[in-house]
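The values are calculated or read from the model by the stated rules, or taken from the named source; none is laboratory data. If you're wondering where the values come from, they're calculated on a predicted model, not measured in any experiment. No Cβ is skipped: glycine too gets one built from the backbone with ideal geometry, and neighbour counts run over all protein chains shown. Ligands, DNA and RNA are stripped out before the accessible areas are found, and what is left, the full protein with its side chains, is counted by its heavy atoms. Shrake-Rupley method; radii C 1.70, N 1.55, O 1.52, S 1.80 Å.
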Amino acid sequence: MRRRAAPVDDAIQGDAIQGDAIQGDAIRGTANGTAPVPLSVLDLVTVGVDRTATDALRTSVDIARLAESRGFNRHWVAEHHSMPGVASSSPAVILAHLAAHTERIRLGSGGVMLPNHAPLVIAEQFGTLEALAPGRVDLGLGRAPGTDGPTAAALRAPNVPRGTSGTGGTPIHSGADDFPQQLAELTRFLDDDFPDGHPYSRIHAVPGPVQGPSARPPIWLLGSSGFSARLAGVLGLPFAFAHHFSAHNTIPALDLYRESFRPSAVLDAPYALIGVSALASDDEKEARRQVLTGALSMVRLRTGRPGLIPTPDEAAAYEFSPMEREFVDSWLTNVVHGTADEVRTGLDDLQKRTGADELMITANAHGGDARLRSYELIADAYDLPGPE
């Protein structure tokens, strides 16, 4: 028997998250070509050795344009901090830039880490993005800090005691345990519907409904364990699971999401996407060389030595310890890589095993050219529409 997660239930009973009805096609994508489900992009804006953040951000624009022209469903960027090899510390800023360089593809956060921010700030940022790119913005939310403990503490004002609030609302700078309450507050700001008598009833997120009838970004919950899976199910929200770094939890979390799901104004049935690490190359050996750079980066990150993404030559020459080699071998079993046909087969098999409604592909490699080529080859393998 599963233990009930009391914080989730308390938040639901105390401040139910309703929100305005969202059109289904704002969440459910279209499977183009021969793809079994919609295909999307998760962009970590990686920075390689001898590359700059400017290079990485330019590559993000190139990937978004390619994804749009080839029929990928959405392009998300993720919030990370204090990681030299990742330049996506400010998703809203990056998404505004991508919105200016695209026309149709959905853009979103995969995700914004809610404990790092005041809910009103996120509502304002994504209300602004919705105004810039009407009808194509997603708000994906996570409950982890997207970094280590000391950096998470630095993200929050040190002079404000934890668990205090001068207005009676959600505690300021609360942690992941307060995620359901923060989520409820954020949703109230997005919908501008705090009840009379609430301390925030006269506070408005702008741009937003106070200016007149307006849409708002669909909220997605992100997770790598069961907590957000269950919360997304109970609230009837779409769910995105981080298979690319928590593969052993994928099926249990998706099962929990589906078992917990309650129809809502947002969705009448569960909708789950999974993040997948996948890289295609014209040559199988080259694909292995490229994905090894990401594996070495993870070894360094897990051992407290984060840095820029190494070159393929550096990764090939690195002497892994027996423990590191065991980690790398395990890590690479969950990275779909090889030729375009091999990657297509791997993605098809993964979708069948998990029943995922959408696959969100992240291509981690040292250089932008390899990442762009991978998305192009995957698009070709699934007969996605050609570039305009």
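Observations
- Qualifying positions in the range 261-280 - open to solvent by less than 20 Å² (accessible area, probe 1.4 Å) and either of a type in the set (S, T, Y) or within 30 Å of N364 (Cβ to Cβ) (or both): Y271, A272, L273, I274, G275, V276, S277, A278, L279, A280
- Qualifying residue in the range 294-305 (condition: open to solvent by 70 Å² or more (accessible area, probe 1.4 Å) and part of a helix (DSSP H, G or I)): yes
- The set of residues in the range 261-278 that are hydrophobic (A, V, I, L, M, F, W, C), within 20 Å of A31 (Cα to Cα) and touching a residue at least 12 places away in the same chain (Cβ under 8 Å) comprises L267, A272, L273, I274, V276, A278.
- Helices (runs of 4 or more DSSP H) completely within the range 147-261 that count 1 or more residues being at pLDDT 90 or above and charged (D, E, K, R): 179-191, 226-235, 250-260
- Among (1) open to solvent by less than 30 Å² (accessible area, probe 1.4 Å); (2) in a loop (DSSP other than H, G, I, E, B), the one test that G140 misses: (2)
- Listed conditions (1) closer than 19 Å to V86 by Cβ; (2) without any contact (Cβ under 8 Å) to a residue 24 or more places away in the chain; (3) of a type in the set (D, E, K, R) are all met by K285, apart from (1).
- For the range 1-54, the candidate set comprises residues that are of a type in the set (D, E) and either at pLDDT 50 or above or under 24 Å from the mean Cα position of the chain (by Cα) (or both); within that set, the residue that is farthest from Q290 (Cα to Cα) is D20.
- Residue count for the range 91-132, restricted to those that are surrounded by fewer than 21 Cβ atoms within 10 Å (Cβ to Cβ), at pLDDT 95 or above and in a loop (DSSP other than H, G, I, E, B): 4.
- Selection within the range 344-358 - open to solvent by less than 10 Å² (accessible area, probe 1.4 Å) and either modelled with pLDDT under 95 or more than 16 Å from Y257 (Cβ to Cβ) (or both): L347, L350
- Of the residues contained in the range 65-86, none is found to be outside any loop (DSSP other than H, G, I, E, B), closer than 18 Å to A278 by Cβ and polar (S, T, N, Q).
- Applying the criterion of being of a type in the set (A, V, I, L, M) and within 21 Å of L222 (Cα to Cα) to the residues of the range 65-90, the residue that is surrounded by the most Cβ atoms within 10 Å (Cβ to Cβ) is V77.
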